[in-house]
Each structure stands twice: as C-alpha cells, then as structure tokens.
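To keep things clear, I will list the structure first and then write my remarks on it.
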Amino acid sequence: MRNAKWRAATKAALALTGAAALAASMAMFLPGTASAGTTLGASAAEKGRYFGAAVAANRLSDGAYTTILNREFNSVTPENEMKIDATEPQQGQFNFTNADRIVNHARSQGMSVRGHTLAWHSQQPGWMQNMSGSALRQAMLNHVTQVATYYRGKIAAWDVVNEAFADGSSGARRDSNLQRTGNDWIEAAFRAARAADPGAKLCYNDYNTDNWTHAKTQAVYNMVRDFKSRGVPIDCVGLQSHFNNDSPYVSNYRTTLSSFAALGVDVQITELDIQNAPANTYRAVVEDCLAVPRCNGITVWGIRDSDSWRSEQSPLLFTSGGAKKAAYDAVLAALNAGGTTPPPTTAPPTTPPPTTAPPTTPPPTTPPPTGSCTATVSVNQWPGGFVANVRVTAGSSALNSWATTITLPSGAAVTNAWSANRSGNSGTVRFTNVDYNSQVGAGQTIEFGFQGTGTAGNLSATCA
Ligand code: G3I
C-alpha cells in the first residue's frame, strides 16, 4: 500500500512545475520498489534515502541486468548518456535518444534520476574541445540551458559541474578550457541550470573529496561555503567515492559528509565502488551516510562487477553472474539497522495550525528569556592543522541566541569558522550564533565549525 502511494506520489510529482518544483524534486527521490527491508531501494527508502545505480543504455536489453536494476534500485544515473559528447555531438544539434531510454525506463519503474553531467572538462565533443574564451562560455551555458530545459521536471538532482578541482595539494581549480573562460564559470553554470529547471537539486560533483584532510576536499568545501554565502544556487555536493588502494576509505569520511551538510547543502554519494568490495568498508560508508541527516542517497557506479568501469577490481555489490556478494548483505543490513526513521526533509518546517483560539492578551514586549545550553566539540587533527565541529544543544527551554567559548592551547589558532560569528583567534575564542541558527528549540542541536592551525588537543566548550 505504502509503495503504491509512493509510486503515485512520484508520478504526480513528475507532472508538477513551478512553485511545487522543490516538493516535486523531493518526491522524485522516493521509491517505487518492492517490500521494505529486502532490497536496497526499499530499505534505503525506509531511512528516507534513495539507493541508486549508474546505468548504461545498451545494457537495458540484458534481462539479467534489468531484473536486478528493477528489483534493487530506486534511483538511476546515466553512466555516459547525458554527458556533453552524447547529448550535443554537433554544436546546436542535441541527441537525447540514449539518455531518454534510461529516463523512460526509470520513470516506468518509479525510479528517480540523477543527471550526470552538464559541464565537465572531459567527454567534451570535438567541437567543444576546440573552443575557448567567450565563445566556449556561451556554448557551455547554452548546453546547460538546453539539456536542463529538455529534462525539466524529470531530474531529481543534476551534477551541474563535474571534477573542476585539481588533484594533489594545491587546492586549485583544474586547468581546462572551461576554467580558462574565467573563474566564475562554475557559478555561471549553476545559475543557468537553476533558471532552466528550478525543481532539480543542483550538485557539484567530484572525486578524491572523501578525505576531510585533503586539500582538494577543503578547496571544494571553501567553494561551496562561498557559493552559499553569496547566494549562488547550489543544493548539494556529490562525493563520487571511488575507493581503492591508492585512494582508500578513511574514517574521517563521516566528518566530510557532515561538514558539507553543515553548510546547508545535501550530500550524495554519487559513484560508489570499492576495490574488491570489502563488506566492512561498504557497511561503514552506509553507516556514515545514515549518520548524517542530509546525506540523502547513495549511488553505486554500476550493478554487476562486469558492468564496472573498473571490472578488474570487482568493486560492486553483485558478481558478474548477478549473485549478491557479501558486500551486498552488509549494505542491506546497515540500511535495515535501527528500524525505520522518517525521511529527513530539506523543506522549511511547517507549523501545525493552533488547536486553541489565539490569546486575547497583547504579546509581551520583552523577548522570552534565553534558556541554558550545552556544547560539545569533536576535533579532527592532522599534522599542523585541525577542524573542529561544535554541537550546541538547547536545554529544556528554547534558545533565542547562543554563545560558546572555547579555549585553545598555546600554539593553536583559528583560521576560519562557519555557521558562527567569531571573536578572537587564539586563547579563549568566543563564537556566537549567526542569524539563521539563533533559534534552537528545546532539546534541539545546531552545529558550527572552525578550522585552525597547530594542535587542538581535547577541546571543551562552555555555552550560554
Ligand atoms: O561505446 C564505445 C564503444 O563503441 C567503443 O568500441 C569503445 C572503445 O574504447 O569505447 C566505448 O565508449 C567508452 C564508454 O565508456 C562506454 O563504455 C569510452 O571509450 C570510455 O572512455 C567511457 O568511459 C567512461 C568514463 O567515465 C569516461 O570518462 C566510463 O564508462 C564511465 O564509467 C566513467 O564515469 C566517470 C564519471 O562520469 C565521472 N567520475 C568518474 C567516473 C569513472 O571514470
């Protein structure tokens, strides 16, 4: 019954546009799969999340492939079919044939679709590779506009820009013909995508951004923080999460997920595969996502090992013969652990209508007193630097404002903070609320964070 409702809701959502578009995009993440607890999609849905797979159009005629796809997954990402070389092979001539095959299959099964990808330095058609300057900028923006408009209302989330940062320790943008059109090319792409499809969530997507201490992770983080502060329309960050011996899963992955989420964006694990598919690592990734309310979905980059771009690493959840691997069992168990939780929502909270008549006495002219609070700090330290996450929890009364002080050991200094105002940078540092997190309901928690140099040690915080 519930699944039938979800399927109906999804179909209805697909028809919505305009003001209902945000709600529609959320509904499109909801599933249309079989019974809860027995498949990846249904179990993820019970946790308010989706579980997706990258899909290749030319495999949709393979019955063994589609049997697993339809049974297990409630989201799909076209693996190559929405890339620029596929959708605009000649300038101004668009081809959506293969992408449509995947989108139509997904819609017929009640699955949501992640669009991948509108602007990227790679898999550009020849005509685009040969362009530069303002002509390329215009061509890129036209591509974003045309493709996002064509799929308007059908895409839950777009990877608007893919892989724009360099590997290594520079923290710089990757050199590319797009980057050479000007540093603002990324935000220009996001603005064009928002204008074309206001209902789709707009993501920045990259790889090797899983380890919180890596320069590339920090660089993407700083860009997203900057975008949020300047009103650039970004809704989500995609962590590709291709884990292997050279780029392994690390235990600070959860810090990365929660740190991005604390910026006010959703976080999606967009291309998950793990060399040799160790069950414990797959389990850890799922547990990390479930621990972060705004981590709202996981996509594996292929279905069977034979479908993987790295098939020699056997990195997926199904054998080439279509059998469930130990990693599959671990993922399903992790998704099912702890019972069901309501879906996290990114929509503004709605206030229920009052059940009693409004009071006739005038409202008090002084603001209600601010209650007490507690604060806890968790630190991620690396040689020479650290990031701290602070959780401020209201006591039995709601807070209208809050302030915490944290005393750093000598030699440690704060370099930047987010979701809080800061005074001081060493010794005793005081953090106070910003506008959007001043109100904290009784027993509720907000988070802020700061980055610093030196060694933080064990930090504690006072709260008032
Ligand atoms: O379809 C042609 C086939 O006709 C031809 O015979 C054959 C010869 O090489 O090539 C086939 O196309 C290949 C295509 O995959 C489909 O299999 C391309 O050469 C090959 O380059 C392409 O690789 C894709 C790769 O992106 C290209 O960058 C992978 O499938 C795809 O999984 C991979 O996906 C990327 C994400 O988009 C971004 N993140 C990293 C991820 C893995 O590289």
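Please treat every number below as a calculation from the coordinates, not as lab data. Bear in mind that the values here come from a model prediction, so they are computed numbers and not experimental data. Because the Cβ atoms are built from the backbone with ideal geometry, glycine has one as well, and the counts that use them run over all protein chains shown.
Grab every C-alpha pair in the range 92-161, bin the distances at 5 angstrom width from 0 up to the longest one, and report whole percents.
P(r) over the range 92-161, rounded to whole percents: 3, 14, 26, 25, 16, 10, 5, 2, 0.
Taking only the alpha carbons of the range 195-257, what extent do you get along each of the three principal axes, in Å, biggest first?
Largest to smallest, the principal-axis extents are 41, 21, 16 Å.
Any idea how far apart Ala333 and Asn458 come out in nm if each label point goes 7 Å out from Cα toward Cβ?
3.3 nm
If you put +1 on each Lys and Arg Cβ and -1 on each Asp and Glu Cβ, how big is the dipole of the range 76-228 around its Cα centre, in Debye rounded to 20?
400 debye
Arranged by the count of other C-beta atoms within 10 angstrom, fewest first, what order do Thr209, Thr376, Thr256 take?
Exposure proxy ranking, most exposed first: Thr376, Thr209, Thr256.
For the range 56-107, calculate the relative contact order in percent as a whole number, restricting contacts to Cα pairs under 8 Å that are 6 or more residues apart.
Computed over the range 56-107, the figure is 38 percent.
Could you tell me the calculated FRET efficiency between Lys324 and Ser61, based on Cβ-Cβ distance and R0 = 22 angstrom, to the nearest 0.05?
0.45
Rank the residues Met140, Met111, Met223 as a footprinting-exposure proxy: fewest other Cβ atoms within 10 Å of their Cβ go first.
The fewest-first ordering by Cβ neighbours comes to Met223, Met140, Met111.
Give me Thr340, Thr432 sorted ascending by neighbouring Cβ count inside 10 Å, so fewest comes first.
With the fewest neighbours first, Thr340, Thr432 line up as Thr340, Thr432.
Give me the one-decimal nm value for the distance between modelled label points at Asn425 and Asn400, 7 Å along each residue's Cα-to-Cβ direction.
Taking the two extended label points, one gets 3.4 nm.
Take Ala135 and Thr415, extend 7 Å from each Cα along the Cα→Cβ direction, and tell me the distance between the two endpoints in nm.
Here the answer is 4.1 nm between the modelled labels.
Of Lys47/Lys324; Lys47/Lys228; Lys47/Lys216; Lys83/Lys216; Lys83/Lys324; Lys201/Lys325, which pairs sit farther than 25 Å apart, going by alpha carbon to alpha carbon?
Among Lys47/Lys324; Lys47/Lys228; Lys47/Lys216; Lys83/Lys216; Lys83/Lys324; Lys201/Lys325, the Cα-Cα distance tops 25 Å for Lys47/Lys228; Lys47/Lys216; Lys83/Lys324; Lys201/Lys325.
Could you work out how much longer the chain between Ser122 and Ser378 gets when fully extended? Use 0.36 nm per residue separation minus the Cα distance between them, nm to one decimal.
88.3 nm
Under 16 Å from a point 7 Å along the Cα-to-Cβ line of Asn244: which residues of the range 255-292 have their amide N that close?
Within reach of a label on Asn244: 271-278.
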